[in-house]
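Structure record follows, encoded as structure tokens.
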Amino acid sequence: MSTSPPPVLRDLLDRYADVREQPVRLRPSTWQNALIRVPESLEVTRLLTSRRFTSAVPGSKTHDRTVGREGVERACAAMNVDDTKEVLRTFVLAMAWASGLTGGRYQANTAKAIVEPARAFRVLSDAAKALRHAGSLHDGALEEVHRWWSLPGVGQPYASKWWALAGHRRGREWQPLVLDDHVYATLNDTLRIGGTTRLAGSRRRADRYRAYVETVHRWAVELQLAGSDVDARRIEFVLFHHNGGAPPAG
């Protein structure tokens with residue numbers, strides 16, 4: 001199949017040219033309740049109220065706060081990947097950003113993932129290290145992390161958010177990307193690319209994830225060469241934001 005950007009993608013990028021990713025609202029108290037079984041000494045919800053990475057919502061009676069992707073990225077960059085507390089706290093912040101106030105499922109799955117802190121730390125830390133140290137898109141790191149990743153309640157839709165945030169390495173030509181249900185919907189229902197299986201030439205989910213990341217970065221390069229001011233992360237956001245809606249009218 002052609003690996004050039006689908007014409008519909010160009011239309012979507014034009015449609016959402018003025019739409020920017022907004023901070024999401026979170027309620028620390030609901031996360032504290034959801035994670036009550038995690039050892040209190042770990043303080044896993046601590047970053048949810050951090051002035052460094054989140055902002056208070058003025059007048060909120062429930063003490064809501066907001067967090068943007070940039071805040072989570074800063075937390076990930078500051079995270080000591082060898083420190084259990086820091087890794088688990090940053091993961092909780094990432095999941096809170098991913099869910100916002102509609103986070104019941106995220107909260108339940110996050111609780112499942114970290115109720116055994118030592119195991120969760122190993123998986124989260126090892127993934128961050130492997131992805132940060134990865135060189136080429138073809139060195140197998142993406143597939144390897146995808147294959148051995150195993151956290152209760154945290155499959156690819158949730159895991160890929162952690163990979164994209166904690167696996168980011170400044171200055172690299174490529175980065176891991178989010179591949180969740182919203183992105184799938186746009187790829188399949190709007191762009192009609194035939195699925196990530198077709199991109200990869202494989203039914204293995206690890207191969208399909210790597211093919212998706214590679215394809216979006218290739219699309220970004222081609223669009224840049226054609227004069228568009230976009231990168232892979234921008235394409236990822238537009239795919240997520242559109243969520244499989246109808247193609248723009250011609």
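The values are calculated or read from the model by the stated rules, or taken from the named source; none is laboratory data. A quick note: this is a predicted structure, and the numbers were derived from the prediction, not measured. Here the Cβ positions follow ideal geometry from the backbone for every residue, glycine too, while neighbour counts run over all protein chains shown. Surface areas here come from the heavy atoms of the whole protein model, side chains and all, with no ligands, DNA or RNA. Shrake-Rupley method; radii C 1.70, N 1.55, O 1.52, S 1.80 Å.
The set of residues from the range 46-95 being within 21 Å of the chain's Cα centre (by Cα) and basic (Lys, Arg) comprises ARG46, ARG52, ARG65, ARG69, ARG74, LYS85, ARG89. Residues being assigned to a loop (DSSP other than H, G, I, E, B) and under 19 Å from LEU93 (Cβ atoms) are entirely absent from the range 121-143. The residues in the range 115-138 that are among the hydrophobic types (A, V, I, L, M, F, W, C) and open to solvent by 10 Å² or more (accessible area, probe 1.4 Å) can be counted, and the count is 6. Considering only residues that are closer than 19 Å to THR84 by Cα and free of Cβ contacts under 8 Å to residues at least 24 places away in the same chain, which ones fall in the range 20-35? Result: GLN32, single match.
All of THR90, THR66, THR30 fail the test of being under 22 Å from LYS161 (Cα atoms), outside any helix (DSSP H, G or I) and among the hydroxyl-bearing types (Ser, Thr, Tyr), apart from THR66. Of the helices (runs of 4 or more DSSP H) lying entirely inside the range 146-250, those containing at least 1 residues that are in contact with a Cys (Cβ under 8 Å, 6 or more places away or on another chain) are 156-166.
Inspect all residues belonging to the range 152-168 and state whether any of them is farther than 20 Å from ASN243 by Cα, open to solvent by 10 Å² or more (accessible area, probe 1.4 Å) and of a type in the set (S, T, N, Q). Checked against the condition, which is being farther than 20 Å from ASN243 by Cα, open to solvent by 10 Å² or more (accessible area, probe 1.4 Å) and of a type in the set (S, T, N, Q), the range 152-168 yields no hits at all. For the range 182-194, a tally of residues being open to solvent by 10 Å² or more (accessible area, probe 1.4 Å) and either touching a helix residue (DSSP H, G or I) at 6+ places or on another chain (Cβ under 6 Å) or hydroxyl-bearing (Ser, Thr, Tyr) (or both) returns 3.
Of the numbered criteria (1) farther than 26 Å from GLN175 by Cβ; (2) under 17 Å from the mean Cα position of the chain (by Cα), the one GLY100 fails is (1). Could you tell me whether any residue of the range 89-108 is open to solvent by 40 Å² or more (accessible area, probe 1.4 Å) and in contact with a Phe, Trp or Tyr (Cβ under 7 Å, 6 or more places away or on another chain)? No; the residues of the range 89-108 include none that is open to solvent by 40 Å² or more (accessible area, probe 1.4 Å) and in contact with a Phe, Trp or Tyr (Cβ under 7 Å, 6 or more places away or on another chain). In this structure, is LEU35 of a type in the set (A, V, I, L, M), in contact with a helix residue (DSSP H, G or I) (Cβ under 7 Å, 6 or more places away or on another chain), at pLDDT 95 or above and closer than 20 Å to MET95 by Cβ? For LEU35, the condition - of a type in the set (A, V, I, L, M), in contact with a helix residue (DSSP H, G or I) (Cβ under 7 Å, 6 or more places away or on another chain), at pLDDT 95 or above and closer than 20 Å to MET95 by Cβ - is met.
Filtered by the rule that a residue be over 20 Å from ARG172 (Cα atoms) and in contact with a Leu (Cβ under 8 Å, 6 or more places away or on another chain), the range 120-149 gives ALA120, PHE121, VAL123, LEU124. Here is the figure for the range 114-128: residues that are in contact (Cβ under 8 Å) with a residue 40 or more places away in the chain and over 16 Å from the mean Cα position of the chain (by Cα) total 3. Just a yes or no: is a residue in the range 197-205 modelled with pLDDT of 95 or more and not basic (Lys, Arg)? No: zero hits. Hey, any hits in the range 211-227 for a residue that's closer than 19 Å to ARG20 by Cβ and hydroxyl-bearing (Ser, Thr, Tyr)? No, every residue in the range 211-227 fails to be closer than 19 Å to ARG20 by Cβ and hydroxyl-bearing (Ser, Thr, Tyr). Criterion applied to THR45, THR110 was being hydroxyl-bearing (Ser, Thr, Tyr) and either farther than 26 Å from GLU144 by Cβ or out of contact with any helix residue (DSSP H, G or I) (no Cβ under 8 Å at 6 or more places or on another chain) (or both), and the one residue passing it is THR45.
The single condition among (1) over 26 Å from TRP31 (Cβ atoms); (2) open to solvent by 50 Å² or more (accessible area, probe 1.4 Å) that LYS112 does not meet is (1).
Number of residues in the range 153-171 that are among the basic types (Lys, Arg) and touching an Asp or Glu at 6+ places or on another chain (Cβ under 6 Å): the value is 0.
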